[in-house]
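Report on one structure; see the data block that follows.
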Amino acid sequence: MEKNYIKVSALNNYIKLLLDDNSFLHKVYLKGEISNFKNHMSGHLYFTLKDEESRISAIMFRNKTIDLKFTPEDGKKVLVEGRVSSYPSQGTYQVYVDKMEEDGLGNLYVLYEELKNRLQKEGLFDGSHKKEIPKYPSRIGIVTASTGAAIKDILSTIKRRYPIVETILFPALVQGKGAASDIVKQINKAQEYDLDVLIVGRGGGSIEDLWAFNEEIVARAIFASKVPVISAVGHEIDYTISDFVADLRAPTPTGAAEMAVPTMQEVVRLLSHFKVNLNHLIQKKLEISNKHLETCRSSYLLKNPGTLLDVKVQKLDFVNEKLNQLMKQYLADQQNIFSKLVSSYVLKDPLMIYRNKENMILSFQKQGSYLMKQILEKKSYELSNITNTVKLVNPLNILEKGYSIVKMEDKVITSSEEVHPDDLISIKMKKGSI
């Protein structure tokens with residue numbers, strides 16, 4: 001028996017005819033949940049309609065979307081009216097949607113909203129808990145799948161912008177059974193490393209694909225992280241619980257890498273700015289120091305140190321003279337008292353007066369000696385202070401420290417410009433002269 005082989009396209013077209021001839025499939029009414037939703041640039045809507053046990057592809061052409069009263073998105077439950085037909089070039093059948101209306105929220109979306117509201121009330125989203133992302137990190141951790149576009153985009157972006165930073169990958173399952181637990185495990189492991197920032201995320205996908213990042217255990221692990229966390233889950237339109245808990249939310253994995261590191265051009269500009277400021281500060285400091293040095297050089301006392309010595313010597317003479325005057329005045333007063341006592345003896349019994357006054361004289365003498373001793377000690381202390389001050393300002397003392405005084409014809413030389421070849425100069429040192 002001869003076999004009649006036909007083309008695949010012929011078979012697919014035949015199946016399409018069968019479907020199109022079936023009047024039951026001309027108008028179907030379906031209810032289900034939207035998944036894998038995509039709004040094409042052409043305006044056509046592509047999505048999957050599913051229930052607990054099965055799913056079917058669906059398309060709604062642009063001219064049919066005019067009457068939509070809601071915004072279709074993943075997780076929304078809908079009521080669909082349309083027809084079933086085949087797409088021959090792909091060999092698949094699908095629902096061509098004519099009308100669609102909302103039929104409540106999908107179960108996943110309900111769970112998402114419930115957890116989001118509960119964690120928000122607990123304060124896990126509060127800005128007061130957000131840690132600052134360092135501007136110039138030295139080590140970055142990445143929790144994501146070891147393969148796929150996300151890790152490639154993150155690493156390539158970091159290498160391009162800031163190649164001097166070290167990156168450490170903590171590979172984790174990012175979807176499916178056990179993904180949430182694995183993500184938590186890797187976040188906790190990252191705490192053992194000296195990291196400046198931790199990127200947690202994955203590439204885009206359906207709400208089911210991203211669901212691990214909506215799990216409570218992942219949210220609490222991110223909140224408890226000592227390392228600042230950047231959440232990078234899905235595309236810019238995707239929002240997960242992890243995004244709200246993290247210290248910073250990035251629209252994409254590539255965006256997370258850009259937020260985590262500066263560019264080398266920024267670093268070079270910053271270093272150049274620091275260099276200019278540092279040079280300015282050094283120049284300012286030098287100007288102030290030079291002014292202070294010039295003030296010291298032009299000081300009258302520095303140019304004429306002998307003047308200060310003259311003043312101190314004169315003050316010393318004045319103190320000595322004052323001390324002698326006080327001593328003479330005190331002795332004169334004591335002598336006067338003694339004379340009065342002696343002259344009064346003739347008025348009374350000399351022996352009796354002598355005995356009474358003898359004790360008084362001895363007391364006065366003892367008091368006088370004590371007062372004189374105090375005065376002498378005080379004046380000696382003052383004299384010692386003055387002498388020490390004179391020694392400190394004595395220009396000859398600098399010779400004790402290894403310095404020398406250069407003179408020419410008894411004039412102190414203060415500049416090399418004052419000396420010319422064949423001039424005769426003398427150098428005064430601690431011991432002797434040259």
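Quick notes on this structure:
- Modelled FRET efficiency - R0 41 Å, Glu400 with Val319, Cβ distances, 0.05 increments: 0.95
- Vicinal HN-Hα couplings computed from phi for the stretch 378-384 (Karplus, 6.51 cos²θ - 1.76 cosθ + 1.60; Hz; Gly/Pro x): 5, 5, 5, 5, 5, 4, 5
- Estimated distance in nm for a label pair at Met41 and Arg55, the labels positioned 7 Å out from Cα along Cα-to-Cβ: 2.6 nm
- Accessible area (Å², 1.4 Å probe, nearest 10) - Ile427: 50 Å²
- Pairs from the table (Lys135/Lys159; Lys328/Lys378; Lys69/Lys177) lying more than 28 angstrom apart at Cα are Lys69/Lys177.
- Of all lysines in the structure, those lying under 22 Å Cα to Cα from Lys428, and not within fewer than 8 positions of it along the same chain, are Lys303, Lys391, Lys401, Lys407, Lys411.
- Modelled FRET efficiency - R0 35 Å, Ser89 with Lys177, Cβ distances, 0.05 increments: 0.50
- The residue among Ile140, Val97, Gln329 whose Cα reaches farthest toward the positive pole of the charge dipole of the chain, with charges on the beta-carbon of Lys, Arg, Asp and Glu, is Gln329.
- In this calculation the C-beta distance from Phe24 to Lys121 is compared with R0 = 51 Å, giving a FRET efficiency of 0.55.
- Residue pairs exceeding 25 angstrom between C-alpha atoms, taken from Lys121/Lys226; Lys340/Lys379; Lys77/Lys99; Lys121/Lys189; Lys116/Lys226: Lys340/Lys379; Lys121/Lys189.
- Computed from phi, the 3J(HN,Hα) profile of the stretch 222-230 under the Karplus parametrisation 6.51, -1.76, 1.60 (θ = phi - 60°) reads 5, 5, 7, 4, 6, 8, x, 10, 10 Hz, with x in place of Gly and Pro.
- Since only Tyr29, Ser299, Pro253 are under comparison, the one whose Cα sits farthest along the positive direction of the charge dipole of the chain, derived from C-beta charges on Lys, Arg, Asp and Glu, is Ser299.
- Here the simple spin-label model places points 7 Å from the Cα toward Cβ, and for Lys152 and Leu326 these points are separated by 9.9 nm.
- Considering only beta bridges that DSSP places wholly inside the chain, some 65 percent are antiparallel.
- Surface share of carbon and sulfur [accessible, 1.4 angstrom probe, percent] for the stretch 112-171: 49 percent
- Nearest-ten-degree value, helix 264-297 long axis tilted from longest Cα axis of the chain: 10 degrees
- The angle separating the long axis of helix 179-190 from the principal Cα axis of greatest extent in the chain is about 20 degrees.
- Across the stretch 207-329, the relative contact order, built from alpha-carbon pairs under 8 Å that are at least six residues apart, equals 14 percent.
- Calculated log₁₀ intensity ratio I(q)/I(0) where the Debye formula runs over C-alpha points of the stretch 57-100, q = 0.19, 0.26, 0.29, 0.32 Å⁻¹: -0.63, -0.99, -1.12, -1.22
- Ranked by solvent-accessible area (1.4 Å probe, protein heavy atoms only, all chains present), the residues Thr387, Thr48, Thr71 order from largest to smallest as Thr71, Thr387, Thr48.
- With the convex hull drawn over the C-alpha atoms of the chain, the volume per residue is 442 Å³.
- Phe24 accessible area, 1.4 Å probe, all protein chains in place, Å² to nearest 10: 150 Å²
- For Ile199, the residues 5 or more places off, or on other chains, whose built amide H falls under 5 Å of its own are Gly141, Ile142, Val143, Ile230.
- Taking the chain as a Gaussian network of alpha-carbon nodes connected by springs under 10 Å, the highest mean-square fluctuation of the residues Ala172, Ala332, Ala180 belongs to Ala332.
- Extension gain for Ala10 to Glu382 (0.36 nm times residue separation, less C-alpha to C-alpha distance): 121.4 nm.
- Ile168-Glu192 pseudo-label distance in nm [points 7 Å out on the Cα-to-Cβ vector]: 0.9 nm
- Size of electric dipole in the chain: Cβ of Lys, Arg +1 and of Asp, Glu -1, about Cα centre, debye, nearest 20: 2400 debye
- Assigned charges on the beta-carbon of Lys, Arg, Asp, Glu; the stretch 370-430 dipole about Cα centre (debye): 620 debye
- Helix-only CD estimate at 222 nm, as mean residue ellipticity for the chain, using -39500 (n - 2.57) per DSSP H run (n ≥ 4): -15500 deg cm²/dmol
- In the context of the full set of protein chains, the chain has a per residue accessible area of 67 Å² (1.4 Å probe).
- Working note: Debye formula, equal point scatterers on the alpha-carbon atoms of the stretch 41-161, no solvent; log10 I(q)/I(0) at q = 0.13, 0.15 Å⁻¹ is -0.86, -0.95.
The values are calculated or read from the model by the stated rules, or taken from the named source; none is laboratory data. This structure is a prediction, so every number in the text was calculated from the model and none was measured. Positions of Cβ are generated from backbone atoms using ideal geometry, with glycine treated the same way; all protein chains shown enter the neighbour counts. Accessible surface is based on the protein model in full, side chains and every heavy atom, while ligands, DNA and RNA are left aside. Shrake-Rupley method; radii C 1.70, N 1.55, O 1.52, S 1.80 Å.
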